[in-house]
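The values are calculated or read from the model by the stated rules, or taken from the named source; none is laboratory data. Not measured: the values here are computed from a predicted model. In this analysis, Cβ positions are derived from the backbone assuming ideal geometry, glycine residues included, and neighbour counts consider all displayed protein chains.
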Amino acid sequence: MLIHNLIRPGSQDLQELFSRRPQSKVLLANDTSVGLGYAPMSPLERLVLAVEKRLNSRDRSRAHPAWGEDIKIMGVRYGGAVRLTVACAMIGGYLRHIDDYFEEKIAVADLARNLAIEFGFPQCSVNVNMADDPRTGAIYLTVTGTSAEAGDDGQVGRGNRVNGLITPYRPMILEAVAGKNPVTHVGKIYNVLAREIAETLVAEEPDITAAQCLLMGQIGAPVTEPALLHIRLATRDGAPVAQFERRVDEIARAHLGRTSQLVEDFIAGTIDVF
């Protein structure tokens, strides 16, 4: 097999924009885009994320090497009960018999069910690899642990947001964060910044019960100066939002002021963008 790796230079105008800096040395946004974040996560959101992280943890590669990395989880809440549908690609090289495959499915379901109890959902049904048909031997078996080997690789724009989730009932944008440059692409930077601002507001202000933050960046403007910063709050006992205006302004400015450090964190690989 021959692999031809072709890396082309970016467009001339964007290269010039990258090199152009104001006196403050702050880099200029190379796109017009929006970032969006919210806090806190719901119990169901936290559960789904915890199950995915546990299934994909380093420990599982030792205890359950047959579990592949291609894992998808759908969580639905019915009052106090939860239903989890889990897709977990299995690696055939670690399975000697089809019975081993079904034992691994049981282990996946047990892990998810136990985590559900920890997160306050004792009533939890778990279904794993529901497309399987044991009668015909059709099971989710792979060589590498991902369905991409069969061409089912999807597109980056459909993937998880920076909090690790796809949340259709939450405010969200369609910007594909993965693959964007972490230095000047506000569609990447602002999604993380917006999430951090929302999380800080909820964490530091006891009377703010929930927060949403939207940041819009304009191409050619400094990444530290969004064209729009919009914050929505839910408060305890209906406290007037106006009383938090000064604190919200302080927190937002503080996070925007650390954009350069955020870029360094991106480059160092310490920020997950899923």
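Points to keep in mind about this one:
- Out of Pro226, Pro240, Pro206, Pro168, sole residue that is in contact with a Gly (Cβ under 6 Å, 6 or more places away or on another chain) and without any contact (Cβ under 8 Å) to a residue 60 or more places away in the chain: Pro226
- Test: residue in region 196-208 that is at negative phi and touching a His at 6+ places or on another chain (Cβ under 6 Å): yes
- Qualifying residue in region 174-183 (condition: assigned to a helix (DSSP H, G or I) and not polar (S, T, N, Q)): no
- Residues that are under 19 Å from Met41 (Cβ atoms) and acidic (Asp, Glu), drawn from region 109-123: Glu118
- A single member of Gly37, Gly75, Gly68 is touching a strand residue (DSSP E or B) at 6+ places or on another chain (Cβ under 6 Å) and in the same structural domain as Val202 (by TED's automatic domain parsing), and it is Gly37.
- Among the candidates Arg60, Arg96, the residue that is free of Cβ contacts under 8 Å to residues at least 12 places away in the same chain, in contact with a strand residue (DSSP E or B) (Cβ under 6 Å, 6 or more places away or on another chain), over 30 Å from Arg258 (Cβ atoms) and in the same structural domain as Asn127 (by TED's automatic domain parsing) is uniquely Arg60.
- Any hit, region 210-229, residues being under 15 Å from the mean Cα position of the chain (by Cα) and not in a loop (DSSP other than H, G, I, E, B): no
- Hits in region 220-238 (condition: surrounded by fewer than 15 Cβ atoms within 10 Å (Cβ to Cβ) and either over 17 Å from Arg170 (Cβ atoms) or in contact with a helix residue (DSSP H, G or I) (Cβ under 7 Å, 6 or more places away or on another chain) (or both)): Gly220, Ala227, Leu228, Arg236, Asp237, Gly238
- Test: residue in region 258-265 that is touching a Gly at 6+ places or on another chain (Cβ under 6 Å) and over 16 Å from Ala39 (Cβ atoms): no
- Of all the listed residues (Ala211, Ala203), the sole one being at pLDDT 95 or above and in contact with a strand residue (DSSP E or B) (Cβ under 6 Å, 6 or more places away or on another chain) is Ala211.
- Scanning region 109-135 for residues that are in contact with a strand residue (DSSP E or B) (Cβ under 7 Å, 6 or more places away or on another chain), surrounded by fewer than 14 Cβ atoms within 10 Å (Cβ to Cβ) and within 19 Å of Gly145 (Cα to Cα) yields a total of 1.
- Region 83-108, subset surrounded by fewer than 19 Cβ atoms within 10 Å (Cβ to Cβ) and closer than 19 Å to Leu47 by Cβ, residue farthest from the chain's Cα centre (by Cα): Ala107
- Filtered residue count, region 96-135, keeping only those that are aliphatic (A, V, I, L, M), in a helix (DSSP H, G or I) and farther than 19 Å from Arg54 by Cα: 1
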